[in-house]
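Scroll down for the structure; my scribbles are underneath it.
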Amino acid sequence: MNSIELPTIDGHFWVFRDGKIIDWEVKEYGLVRKINNCENTQVHLEADEMTQKMMIGIFKKVLFNMFETKDWDYILKRVTQLFLMTGWTKPEFNMCFQNCLIEIHKNGGELKFGSMGWVRKAGGVHYEFGGEDWKGVKAFLK
């Protein structure tokens, strides 16, 4: 097994299951909301279908190479095992992709990609990851 080097992005992954968005509150989000004068209301904005497909594909390719297989169920199982061995007990900040893989392995669902932020108290949305007008893969890659 090779080492994992995921791309650096300014975007967000979450899980969609049974008509609901599955995303997590991590302690760092409280500070982000406070600095940007935001409410607790999270906003998810899916990237267009092609951008989502390509971004998810880029991240999956890293795992295909790392585990030397394209067996997605096997990869989900191994990623979960590896994180549990390192003491992972809850979703972590800036690890949305890995958090989603573990959730999908445990409870199922569909991986989604796009922008995420919170409603500002004065109106509008502060996007901490991505942005309202972000289009195409190039906008999200750093």
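Some points to look at:
- Projected onto its three principal axes, the C-alpha set of the range 45-92 covers 35, 27, 14 Å, listed from the longest axis down.
- Karplus-derived 3J(HN,Hα), 6.51/-1.76/1.60, for each residue of the range 84-94, Hz, glycine and proline x: 5, 5, 8, x, 4, 10, 8, x, 10, 5, 6
- Sequence-separation-based contact order of the range 20-134, relative, with Cα cut under 8 Å and 6+ spacing, percent: 39
- Residue pairs, from the table Lys53/Lys142; Lys27/Lys77; Lys106/Lys142; Lys61/Lys90; Lys90/Lys138; Lys112/Lys135, whose Cα atoms sit over 23 Å apart: Lys27/Lys77; Lys106/Lys142; Lys61/Lys90; Lys90/Lys138
- Only Lys, Arg (+1) and Asp, Glu (-1) charged, at Cβ; the range 20-134 dipole about Cα centre in debye: 300
- Extension gain, Asp18 to Glu68: 0.36 nm times the residue separation minus the Cα-Cα distance gives 14.8 nm.
- Residue among Glu39, Glu92, Glu28 with the largest mean-square fluctuation in a Gaussian network model of the chain, springs linking Cα atoms under 10 Å: Glu28
- Packing-based ranking of 40-52, 65-77, 93-105, 112-124 yields 93-105, 112-124, 40-52, 65-77, ordered from highest to lowest mean Cβ neighbour count within 10 Å.
- Mean ellipticity per residue at 222 nm, deg cm²/dmol - from DSSP H runs of n ≥ 4 across the chain, formula -39500 (n - 2.57): -13000 deg cm²/dmol
- Cα gyration tensor shape of the chain, rounded if a/c is under 1.5, else prolate or oblate by comparing a/b with b/c: prolate
- Selected from Thr89, Leu45, Thr8, residue furthest toward positive end of dipole (the chain; charges at beta carbon): Thr89
- FRET efficiency, 1/(1 + (r/R0)^6) with R0 35 Å, evaluated for Asp48 and Glu25 via beta carbons: 0.85
None of the figures in this text is laboratory data; all of them are computed from the coordinates on show. If you're wondering where the values come from, they're calculated on a predicted model, not measured in any experiment. Don't worry about glycine lacking a Cβ; one is built from the backbone with ideal geometry, like all the others, and counts go over all protein chains shown.
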